[in-house]
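I have placed the structure first, in the form of structure tokens, so that the comments after it can refer back to it.
The values are calculated or read from the model by the stated rules, or taken from the named source; none is laboratory data. As the structure is a prediction and not an experimental result, all values here were calculated from the model. Backbone-built Cβ (ideal geometry, glycine too); neighbour counts: all protein chains shown. Calculation scope for accessible area: heavy atoms of the full protein, side chains included, ligands and nucleic acids excluded. Shrake-Rupley method; radii C 1.70, N 1.55, O 1.52, S 1.80 Å.
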Amino acid sequence: MSLKAMLVLRLFWVIEVPGAFSCKKPRRRLPEARAIPSHVKALQAVKLCEQYKPRAGADNQGCAVMKLNLGCGSQVPEGWVNVDYALGARFAKNPLFRLINKPLGLFDMQWNDKIFLHDLTKPFPWANASVEAVYTSHTLEHLSREEGRHFLSECHRVLKPNGIIRVIVPDLKHVVDEYIQGRTKADNVLEELGVLFGVGSSPLKKRLAPFVQFPHKCMYDTPRLLEILDETGFVASSKGAFDSGIPDIRSIEFESRTEHAVVVEGRKR
Ligand SMILES: C[S@@+](CC[C@H](N)C(=O)[O-])C[C@H]1O[C@@H](n2cnc3c(N)ncnc32)[C@H](O)[C@@H]1O
């Protein structure tokens, strides 16, 4: 293994693995813990989120009103609490990594160190009815169906009554239409769906792919996403680019991200 790869894996170990620096022997997981089926875990998560756990910094981060940009990536507009959990976003917080990354060029860092770190599959650290608007672009499809439902119910919980949720995801119908009309060849369909890991990457990036890449885990079309939003407690409709009740929508939306995409917006009932 090259020196670069060893350094990256060591750093990942220190940042990622709880207790990596600790002398205590890690406690072994009980066999029963591994056997919990996913639907039971989802129910447990829903129970957990009934009592949200506020976390340091889980406030409006200096913004006049609380607006969340969930799964922000490199899109970190002013006036929004920009949330992500990618390895790059976590590395960006680490001064030691920033120091050694510069000369070694391990990652082409595009991550803002102001990103609020939170794993969106977990209960949100914000209080009930504390948020004016949620914007989430090309992120829901990276969560499994169950995680996605939990994520939307958390959005509903933290939004104020009549608060706005705007969700953008790739349109499954577009991918299928392109295939049926012969514009996508059969052996390219999985790539178009975005469900593969590490395609065309360097060997190092291939090894790190499970940690730095987020394949799509669930796909949506407009009718189904509207139905799910309705079931979650929103009154929602299909929208075009910039057609929104969010006053500063142009500070956060890129027209290119709305092309061949499902764009829906709802208000909390
Ligand atoms: C395709 S990018 C979208 C970035 C940006 N919103 C846009 O539209 O270009 C998906 C983002 O979701 C983030 N993401 C995926 N799963 C996540 C999770 N469980 N918790 C927090 N962020 C997550 C990824 O790190 C990534 O930045």
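Being modelled with pLDDT under 95, open to solvent by less than 30 Å² (accessible area, probe 1.4 Å), farther than 20 Å from A58 by Cβ and near the ligand (Cβ under 10 Å from one of its atoms) is the requirement here; does L87 meet it?
yes
Can you tell which of N82, N112 is surrounded by 20 or more Cβ atoms within 10 Å (Cβ to Cβ) and within 15 Å of the ligand (Cβ to nearest atom)?
N82
For a quick check of your reading of the model, give me the residue pairs whose first member lies in the stretch 55-66 and is closer than 9 Å to G79 by Cα, whose second is modelled with pLDDT under 75, with beta-carbon atoms closer than 9 Å and at least 6 apart or on different chains.
Every condition considered, the pairs that remain are M66/N60.
Taking the conditions exactly as written (assigned by TED's automatic domain parsing to the domain that holds Q75 and out of contact with any Asp or Glu (no Cβ under 6 Å at 6 or more places or on another chain)), does E192 satisfy them or not?
Considered against the rule, which asks whether it is assigned by TED's automatic domain parsing to the domain that holds Q75 and out of contact with any Asp or Glu (no Cβ under 6 Å at 6 or more places or on another chain), E192 comes out as no.
Which residue, of K205, K268, is more than 16 Å from the ligand (Cβ to nearest atom) and touching a Gly at 6+ places or on another chain (Cβ under 8 Å)?
K268
Specify which of the listed residues (I168, I100, I164) is closer than 21 Å to G194 by Cβ and of a type in the set (A, V, I, L, M).
I168
Out of I164, I228, I180, I168, I need the residue that is at pLDDT 95 or above and within 14 Å of the ligand (Cβ to nearest atom). Which one?
On inspection, the qualifying residue turns out to be I168.
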